[in-house]
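Trainee: Starting off with a structure, shown below.
The values are calculated or read from the model by the stated rules, or taken from the named source; none is laboratory data. Bear in mind that the values here come from a model prediction, so they are computed numbers and not experimental data. Using ideal geometry, Cβ is built from the backbone for each residue, glycine included, and neighbour counts are taken over all protein chains shown. To get the accessible areas, we keep the full protein, side chains included, count just its heavy atoms, and leave off ligands, DNA and RNA. Shrake-Rupley method; radii C 1.70, N 1.55, O 1.52, S 1.80 Å.
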Amino acid sequence: MLPLGPATLHLCIDMQRLFSADGPWPTPWMERVLPTVARIAEAAPERTVFTRFIPPYHPDDMPGTWRAYYEHWREVTCEYLDPRLLELMPPLQRLVPPALVLDKPVYSAFAGHKLRDLVRARGIDTLLITGSETDMCVLATVLGAVDLGLRVVIVTDGVCSSSDEGHDSLLTLYSKRYSYQVETVSSEIVLAQWPS
């Protein structure tokens, strides 16, 4: 792996109570990867951005198929959801600030302009990716980063999913199909050189 230079940003996707064992969309491996994610964030909190997936208040607040999705998952809309479930996992909350939090209403952290603007303003050329879920929000964000021409480094033991099959398939896809644009690497290798 090439070194992680000073233009690297740690982007941690949706490590929220919403996806923990306490939430309606549990990701069983989240507790297992959380210490790894926390170590990476603690090493450079000023170079870390956490995203949070924020459902709408009501299904009608979303367009198209998102409306049907939230008709099915009405209990996860903000009309019914305990707002504490939207919070970051406790070991990550204490890193904000200097770490930043960007909220998003859909899978990709690049929806809208906030993350894209931040990446450009800071001169970021590399994203170090951790978070949840490997085959949903991480996937959408990774593809958004690839479209922007950013170097993407996924921490294999720092991502998780509610689907073991989906997680494993996506790690294989990232390393084989996107090998020119996406690197997969263990946290041990990352932490040996992060931050630089």
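Trainee: Mind checking whether some residue in segment 17-30 is open to solvent by 40 Å² or more (accessible area, probe 1.4 Å), touching a helix residue (DSSP H, G or I) at 6+ places or on another chain (Cβ under 8 Å), farther than 19 Å from TRP194 by Cβ and part of a strand (DSSP E or B)?
Mentor: no
Trainee: Output the residue which, of all residues in segment 90-109 that are open to solvent by 60 Å² or more (accessible area, probe 1.4 Å) and in a loop (DSSP other than H, G, I, E, B), is nearest to ALA140 (Cα to Cα).
Mentor: Only one residue tops the list, namely TYR107.
Trainee: How many of the residues making up segment 65-80 are open to solvent by 50 Å² or more (accessible area, probe 1.4 Å) and either of a type outside the set (Lys, Arg) or assigned to a loop (DSSP other than H, G, I, E, B) (or both)?
Mentor: The total comes to 9.
Trainee: Now, a different point. Just to check your reading of the model, which residue among ALA99, ALA121 is small (Gly, Ala, Ser) and either within 19 Å of the chain's Cα centre (by Cα) or within 18 Å of GLN16 (Cα to Cα) (or both)?
Mentor: ALA99
Trainee: Quick check on ALA44: is it aliphatic (A, V, I, L, M), in contact with a His (Cβ under 7 Å, 6 or more places away or on another chain) and buried (at least 17 other Cβ atoms within 10 Å of the Cβ)?
Mentor: Criteria met by ALA44.
Trainee: Taking the criterion of being under 11 Å from the mean Cα position of the chain (by Cα) and hydroxyl-bearing (Ser, Thr, Tyr), would at least one residue in segment 133-153 satisfy it?
Mentor: yes
Trainee: Collect the residues in segment 111-123 that are closer than 14 Å to LEU9 by Cα and open to solvent by less than 50 Å² (accessible area, probe 1.4 Å), keeping them in residue-number order.
Mentor: LEU115, LEU118, VAL119, GLY123
Trainee: Among the residues of segment 158-196 satisfying the criterion of being closer than 23 Å to PHE50 by Cβ and of a type in the set (D, E, K, R), which is least open to solvent (accessible area, probe 1.4 Å)?
Mentor: GLU183
Trainee: Give the residue, chosen from GLY112, GLY131, GLY149, that is closer than 26 Å to TYR174 by Cα, part of a loop (DSSP other than H, G, I, E, B) and touching a strand residue (DSSP E or B) at 6+ places or on another chain (Cβ under 9 Å).
Mentor: GLY112
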